[in-house]
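Some notes on the structure that comes next.
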Amino acid sequence: MKLEKIIIASNNKHKVDEIKDILKGFCNEILSLKEAGINCEVEENGTTFEENAYIKAKAIVDLTGLPCIADDSGLEVDALNGAPGVYSARFSGEHGNYKKNNEKLLSLLKGVPREKRGARFVTAIALVTPDGDKIFARGEIRGIITEEEVGSNGFGYDPLFLVLGLNKTFAQLSSQEKNSISHRGRALNDLKEKLVSIG
C-alpha cells in the first residue's frame, strides 16, 4: 500500500519527528495535526493501546478524508500489575506532565529491588484509510526501571527506562539509537512490513 499523503494524529513534536524519521521515503507527505491545520482533541477512552490508537485515527479520517496514523504508547511495570499502562501520559493526574509522572512512578517503586523492577514499553499503531481499511501494528521492548532519572534525551519515562543489554536508559541514547530499538520503532517497522505485504 503506497500512501501519497498521511496525517499523524499527534502534535507531540518528539513523537511526530520519530514517526517521520522512520517512515521517511515511504509516504510522499507526512503531516502532523498542526501542519495539516487541525486543532482538535480526541478523547482516548479505550481500555487497550490498540483501541485508543484506532479511536484517534478514525476521528481524524472522519474529519479530513485523508489516511491517518495514530499510536498509543505506554509503560507497563511488572511490580504495579501493568500500570500505568494506557494511563501513562496522565499517571500523576495531569496529562503530559513528565516530571510528575516520573516522580509518582519512583515513589511507588521505592524500596522495590532491581530484580522486581522489570517493565516494558508498548506501542500500538493504527492506520485507518477513508475506504475503511484498518491496519494494526505493535512493538514492545523490555527494560528495568531505575531508581533515579538518568540522561537528558528523549521524553516521558525515558530517563527511568534502562534498556536490557545496553545498560543505558532511553534518555542516554541518541534519537537514531533509540529509533532502531524502541517500541515505537518496532511498531512502525511492523506496520511497514504489513503495508509492503498487501502491496
**Item:** Breaking point among (1) touching a helix residue (DSSP H, G or I) at 6+ places or on another chain (Cβ under 6 Å); (2) more than 17 Å from residue 184 (Cβ to Cβ); (3) assigned to a strand (DSSP E or B), for residue 42
**Value:** (3)
**Request:** Please enumerate the residues belonging to the stretch 105-144 that are more than 20 Å from the chain's Cα centre (by Cα) and of a type in the set (Lys, Arg).
**Result:** 110, 114, 116, 117
**Residue list for the stretch 75-103, filter: among the aliphatic types (A, V, I, L, M) and in a loop (DSSP other than H, G, I, E, B)** = 83
**Message:** Being of a type in the set (Lys, Arg) and not in a loop (DSSP other than H, G, I, E, B) is the requirement here; does residue 110 meet it?
**Reply:** no
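Of 50, 43, which residue is under 20 Å from residue 134 (Cα atoms) and touching a residue at least 40 places away in the same chain (Cβ under 8 Å)?
50
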**Item:** Residue ID - farthest from residue 23 (Cα to Cα), chosen from residues in the stretch 145-161 that are within 17 Å of the chain's Cα centre (by Cα) and free of Cβ contacts under 8 Å to residues at least 60 places away in the same chain
**Value:** 160
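Free of Cβ contacts under 8 Å to residues at least 24 places away in the same chain and in contact with a Lys or Arg (Cβ under 6 Å, 6 or more places away or on another chain): is that true of residue 92 in this structure? First the steps, then the outcome.
Working: free of Cβ contacts under 8 Å to residues at least 24 places away in the same chain: yes; in contact with a Lys or Arg (Cβ under 6 Å, 6 or more places away or on another chain): yes.
Answer is yes for this residue.
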**Prompt:** Can you tell me which residue in the stretch 124-157 is surrounded by the fewest Cβ atoms within 10 Å (Cβ to Cβ), limited to those that are acidic (Asp, Glu) and at pLDDT 95 or above?
**Reply:** 148
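For every residue, the table says whether it meets (1) assigned to a loop (DSSP other than H, G, I, E, B); (2) closer than 22 Å to residue 191 by Cβ.
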| residue | (1), (2) |
| --- | --- |
| 136 | no, yes |
| 141 | no, yes |
| 149 | yes, no |
| 153 | yes, no |
| 162 | no, no |
| 179 | no, yes |
**Request:** Sort out which residues of the stretch 113-123 are in contact with a His (Cβ under 6 Å, 6 or more places away or on another chain) and either surrounded by fewer than 15 Cβ atoms within 10 Å (Cβ to Cβ) or outside any strand (DSSP E or B) (or both), and write them in order of number.
**Result:** none
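The values are calculated or read from the model by the stated rules, or taken from the named source; none is laboratory data. The shown structure was predicted, so the numbers you read here are calculated from the model rather than taken from an experiment. Counting neighbours? That spans all protein chains shown, and the Cβs are built from the backbone with ideal geometry, glycine included.
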